[in-house]
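Everything on this sheet refers to the single structure shown next.
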Ligand SMILES: Nc1ncnc2c1ncn2[C@@H]1O[C@H](COP(=O)(O)OP(=O)(O)O)[C@@H](O)[C@H]1O
Ligand SMILES: [Mg+2]
């Protein structure tokens, strides 16, 4: 109480200071609202720009794969399929690898120093720009995997996912480069969640004779699950929105194919590829595609945040 | 194969022979010799920081979980040095269970908290029956028989601790180690847990760390008094040692050591 | 056999060995390619570095002999990230101050914090699309379309959430006693913030902001149709209103060229970009570790 009283007197004494205080506070308030304004602005602008295309095609846009500026016909199915298939498959590979690595660096298999070095190294990799990863993918990864892709097609060609002859850049390469990008995210979030599991739970399990992996599977992983899930969702959002590396390696073809051994498209690579040169109703269709991408990543992101909120109060 | 030490009488279930335990370069306890009798409750008492928990954890190799904690000497259990390279610590912990200072139920239902340990120990009998009997032995059955599917965390602190005891009993260990199991609890819960211990004494050997001397007096047959002193060769830090071990009566009525006398009369601690 | 002894063939021990090996394999699969990637970029890119690289303009693709240098792109990256910082830092720090110091967990601040997280998750290309629609296609900046200024604005959208978050979190770590001490002697709120709270959090805020800038410097997607690309030297202030090159877009454009000379230029630019980003990251990590240590003592 006394503190407030002193403050109060001062305010009365210096009218200017009181005004500065109010101005300062309101400026900060306005600046913090910028986030909301920008977010709302993005949603509104993208929505209104896509309006023309939206009113022309409606939801049919999402399920047709014609993309023909000459005939002025647009449908984003190829790109939407590409976005979903690359992000989900890359996540499918990343989750076990990332969580496995996270377990490796949270258990005591190797000395702490080694674990910390591995941990910070993985985190550093998250800082490498995706355009550089794309460059690497073009010149190193693609030649490296060429023979393997031929093998995949020869032996598993009966599966629709591998049904086309591999020719240079394709969706599977995009998936693999996405794995490289997502690994640091999943690994470091999984590691943090595992580290946050209270020690006493591990003690409890060991104290009644559980083995190391019994403890990990039955006690530690379940307790860390919500955190790991949130990390996975964040990674999913990243995968869906990732542009450069994917654009450089996916082959950018709108010809639809179920196969990931054929060139493909994602929404973001289509935007990167066509936005600069588009005109007429193509622009509006691109905005429509951008709107779809934004909704997808918003949903994933909001779900991730909800998950974090819901489960963070457990202990 | 290590033969049973000839000097060890038959009813000794666990014995420490010249045990010293260090954390990195810091030696926490030094040269402990101590025998624990089968079917007894033994209290470990002493000022805080003298290494009671350290010694207790060494009895079922929980210290393995602490990086750079190392032990010299032997801990004989059932004729085997449990620090022998060939020994599987998981096996040791199945036969020597532990209850910790802070109640630490799993984030699972009450029922699952007990069934989990039993299951990993290969229990094939009637699980419902085991859960009930374990909860009864831990004096918790009446309080939670109607909410076995509630989370273990829905219980009060004292109940959680009794759940942890029940969980340990359910794996039917030969020895139960307890590290200040009542320090986080209110007096009524404490009394309940002491009753539980009296009950358990029939079937188990119990070794309990306590800072409460009344509790040691109430529950234990034997008492080991640990103390810490500065050694001249040390780096200034205090090193724990076992000052005196005897029947609880003798320790409290006619201790041999002067420090024991001073400690139990409350001069330090 | 002593029952306490370790038995390999026990199913739990087989399981444990199996899963331990599995996690080692995961770690190897995860880490080896990453190590390979970094060394490859550093060696391949590093071998292309020459003094002319830093001074020349790039030659338009076509003649496979001499690709020239990356001077405009290097300067462009510096300019565009500076513009982004000039926008994002004041707005972000101001917003972070409001969240941490004024709003004590009300609905508004919860909404803004939520918005910050959502904005952080918006795909970077969407930021480009947004600025394209708002600035480039409307020619609102004195009639210019693609420009370094527009590129900087797009990047600032990506930096903003990072800056707000680090400010907010940095300020929240400042103990309340410090605030009470200042308020208690009759200081007003803004003096308390500017003279007491902000200075004591400045280190962690600065670290976060610098990392955010480093990340922005490598962003490409928001620039490809806002700043576009340019082959020519940046000579004056007026160039802000025209197409502007950047290392990131140079890598993108030249990686896709069929000519070896341009590809090499892309590697060289990658080397410079990766080396600077990694050094900033490593340096700030060391600094953070060092600060922790001194704090503990
Ligand atoms: N995990 C640990 N790492 C390092 N030192 C420890 C650790 N646990 C305990 N110690 C040290 O060992 C000594 C004995 O501790 P402890 O066994 O917990 O004592 P008590 O249980 O008698 O209070 C103390 O000096 C303590 O600081
Ligand atoms: Mg203790």
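Where in the range A:101-218 are there helices (runs of 4 or more DSSP H), lying fully within it, with 1 or more residues that are within 19 Å of the chain's Cα centre (by Cα) and more than 30 Å from residue C:213 (Cα to Cα)?
Answer list for the range A:101-218: A:171-196.
Do the conditions hold for residue C:78, that is, is it without any contact (Cβ under 8 Å) to a residue 40 or more places away in the chain, assigned to a helix (DSSP H, G or I) and within 18 Å of residue C:215 (Cβ to Cβ)?
In short, yes.
Yes/no matrix, rows are residues, columns are (1) at the interface with chain C (Cβ under 9 Å from one of its Cβ atoms); (2) farther than 22 Å from residue C:129 by Cα; (3) touching a residue at least 24 places away in the same chain (Cβ under 8 Å); (4) touching a helix residue (DSSP H, G or I) at 6+ places or on another chain (Cβ under 6 Å):
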site: A:45; (1), (2), (3), (4): yes, no, no, yes
site: A:91; (1), (2), (3), (4): no, yes, yes, yes
site: A:115; (1), (2), (3), (4): no, yes, no, yes
site: A:130; (1), (2), (3), (4): yes, no, yes, yes
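Would you confirm whether or not the range B:184-197 contains a residue that is more than 13 Å from the chain's Cα centre (by Cα), within 16 Å of ligand 1 (Cβ to nearest atom) and within 14 Å of another protein chain (Cβ to nearest Cβ)?
Looking only at the range B:184-197, we keep the residues that are more than 13 Å from the chain's Cα centre (by Cα), and these are B:184-196.
Of the ones still in play, those that are also within 16 Å of ligand 1 (Cβ to nearest atom) are B:184.
After this cut, where a residue has to be within 14 Å of another protein chain (Cβ to nearest Cβ) as well, the list is B:184.
Checked against the condition, which is being more than 13 Å from the chain's Cα centre (by Cα), within 16 Å of ligand 1 (Cβ to nearest atom) and within 14 Å of another protein chain (Cβ to nearest Cβ), the range B:184-197 yields at least one hit.
Which number in (1) under 30 Å from residue C:141 (Cβ atoms); (2) within 14 Å of the chain's Cα centre (by Cα) marks the one condition that residue C:206 misses?
Status for residue C:206: all satisfied but (1).
Among the residues of the range B:163-212, which ones are surrounded by 20 or more Cβ atoms within 10 Å (Cβ to Cβ) and within 16 Å of ligand 2 (Cβ to nearest atom)?
Of everything in the range B:163-212, those that are surrounded by 20 or more Cβ atoms within 10 Å (Cβ to Cβ) and within 16 Å of ligand 2 (Cβ to nearest atom) turn out to be B:177, B:178, B:179, B:180, B:181, B:182, B:185, B:207, B:208, B:209, B:210.
Of all residues in the range C:120-139, which are in contact (Cβ under 8 Å) with a residue 12 or more places away in the chain and surrounded by fewer than 21 Cβ atoms within 10 Å (Cβ to Cβ)?
C:120
Quick check on the range C:240-253. Is at least one of its residues buried (at least 21 other Cβ atoms within 10 Å of the Cβ), facing chain A (nearest Cβ under 9 Å), farther than 17 Å from residue C:78 by Cβ and in contact (Cβ under 8 Å) with a residue 24 or more places away in the chain?
Within the range C:240-253, one or more residues are buried (at least 21 other Cβ atoms within 10 Å of the Cβ), facing chain A (nearest Cβ under 9 Å), farther than 17 Å from residue C:78 by Cβ and in contact (Cβ under 8 Å) with a residue 24 or more places away in the chain.
Of the conditions (1) part of a helix (DSSP H, G or I); (2) over 24 Å from residue B:188 (Cα atoms); (3) in contact with a helix residue (DSSP H, G or I) (Cβ under 8 Å, 6 or more places away or on another chain), residue B:149 fails just one. Which one is it?
Unmet condition: (1).
Identify, by number, the condition in (1) touching a strand residue (DSSP E or B) at 6+ places or on another chain (Cβ under 8 Å); (2) within 16 Å of ligand 2 (Cβ to nearest atom) that residue B:16 doesn't meet.
Status for residue B:16: all satisfied but (2).
Only residues that are over 30 Å from residue C:248 (Cβ atoms) and in contact with a helix residue (DSSP H, G or I) (Cβ under 6 Å, 6 or more places away or on another chain): list them for the range C:151-177, please.
C:171, C:172, C:174 - these are the residues of the range C:151-177 that are over 30 Å from residue C:248 (Cβ atoms) and in contact with a helix residue (DSSP H, G or I) (Cβ under 6 Å, 6 or more places away or on another chain).
I'd like the residue in the range B:30-45 that is in contact with a helix residue (DSSP H, G or I) (Cβ under 6 Å, 6 or more places away or on another chain) and more than 25 Å from residue C:4 (Cα to Cα) and, out of all such residues, is farthest from ligand 1 (Cβ to nearest atom).
B:43
Filter the range B:88-116 for residues that are over 20 Å from the mean Cα position of the chain (by Cα) and facing another protein chain (nearest Cβ under 8 Å); which is surrounded by the most Cβ atoms within 10 Å (Cβ to Cβ)?
Top of the filtered list is B:116.
Among the residues that make up the range C:272-294, is at least one of them closer than 30 Å to residue C:141 by Cβ, within 19 Å of the chain's Cα centre (by Cα), in contact (Cβ under 8 Å) with a residue 12 or more places away in the chain and in a loop (DSSP other than H, G, I, E, B)?
Checking the range C:272-294: not a single residue is closer than 30 Å to residue C:141 by Cβ, within 19 Å of the chain's Cα centre (by Cα), in contact (Cβ under 8 Å) with a residue 12 or more places away in the chain and in a loop (DSSP other than H, G, I, E, B).
What single numbered condition from (1) part of a helix (DSSP H, G or I); (2) surrounded by fewer than 23 Cβ atoms within 10 Å (Cβ to Cβ); (3) more than 8 Å from every other protein chain (Cβ to nearest Cβ) fails to hold for residue A:256?
Looking at each condition in turn, residue A:256 falls short on (1).
Out of the residues in the range C:192-207 that are crowded, with 17+ Cβ neighbours inside 10 Å and within 13 Å of another protein chain (Cβ to nearest Cβ), state the one that is farthest from residue C:171 (Cα to Cα).
C:192
Which of the residues spanning the range C:3-38 are exposed (fewer than 14 other Cβ atoms within 10 Å of the Cβ) and closer than 20 Å to residue B:120 by Cβ?
Passing the criteria: C:3, C:8, C:9, C:11, C:14, C:17, C:18.
Any chance you could count how many residues in the range B:46-82 are closer than 26 Å to residue B:122 by Cβ, surrounded by fewer than 20 Cβ atoms within 10 Å (Cβ to Cβ) and away from ligand 1 (no atom under 13 Å from the Cβ)?
The qualifying residues number 3.
Examine the range C:36-56 for a residue that is touching a strand residue (DSSP E or B) at 6+ places or on another chain (Cβ under 6 Å) and more than 9 Å from chain A (Cβ to nearest Cβ), and state whether such a residue exists.
Within the range C:36-56, one or more residues are touching a strand residue (DSSP E or B) at 6+ places or on another chain (Cβ under 6 Å) and more than 9 Å from chain A (Cβ to nearest Cβ).
Determine whether the range C:99-107 contains at least one residue that is at the interface with chain A (Cβ under 7 Å from one of its Cβ atoms), surrounded by fewer than 24 Cβ atoms within 10 Å (Cβ to Cβ) and assigned to a helix (DSSP H, G or I).
Yes: the range C:99-107 contains one or more residues that are at the interface with chain A (Cβ under 7 Å from one of its Cβ atoms), surrounded by fewer than 24 Cβ atoms within 10 Å (Cβ to Cβ) and assigned to a helix (DSSP H, G or I).
Suppose we keep only residues that are facing chain A (nearest Cβ under 7 Å) and not in a loop (DSSP other than H, G, I, E, B) within the range B:117-133. Which one would you say is nearest to ligand 2 (Cβ to nearest atom)? Give the steps one after another, and end with the answer.
Quick first cut of the range B:117-133, residues facing chain A (nearest Cβ under 7 Å) only: B:117, B:120-121.
Narrowing the set further to residues that are not in a loop (DSSP other than H, G, I, E, B) leaves B:117, B:120.
Numbers: B:117: 23, B:120: 27 Å.
Result: B:117.
Pairs under 6 Å by beta carbon, first residue within 14 Å of another protein chain (Cβ to nearest Cβ) in the range B:16-36, partner more than 16 Å from ligand 2 (Cβ to nearest atom), six or more apart or different chains?
Between residues of the range B:16-36 that are within 14 Å of another protein chain (Cβ to nearest Cβ) and residues that are more than 16 Å from ligand 2 (Cβ to nearest atom), the close pairs are B:24/B:68.
Do we have residue B:41 as within 16 Å of ligand 2 (Cβ to nearest atom) and more than 14 Å from chain C (Cβ to nearest Cβ) here?
On the way: within 16 Å of ligand 2 (Cβ to nearest atom): no; more than 14 Å from chain C (Cβ to nearest Cβ): yes.
When the stated conditions are applied, residue B:41 does not pass them.
Do we find a residue being farther than 22 Å from residue C:36 by Cα and in contact (Cβ under 8 Å) with a residue 24 or more places away in the chain anywhere in the range A:182-189?
Looking for residues that are farther than 22 Å from residue C:36 by Cα and in contact (Cβ under 8 Å) with a residue 24 or more places away in the chain, one finds at least one in the range A:182-189, hence yes.
Given the structure, is residue B:219 within 16 Å of ligand 1 (Cβ to nearest atom) and either at pLDDT 90 or above or farther than 30 Å from residue B:124 by Cβ (or both)?
Here the answer is no, as residue B:219 does not meet what is asked.
The values are calculated or read from the model by the stated rules, or taken from the named source; none is laboratory data. This is a predicted model, so every value here is computed, not measured. Note that each Cβ is placed from the backbone with ideal geometry, even for glycine, and that neighbours are counted across all protein chains shown.
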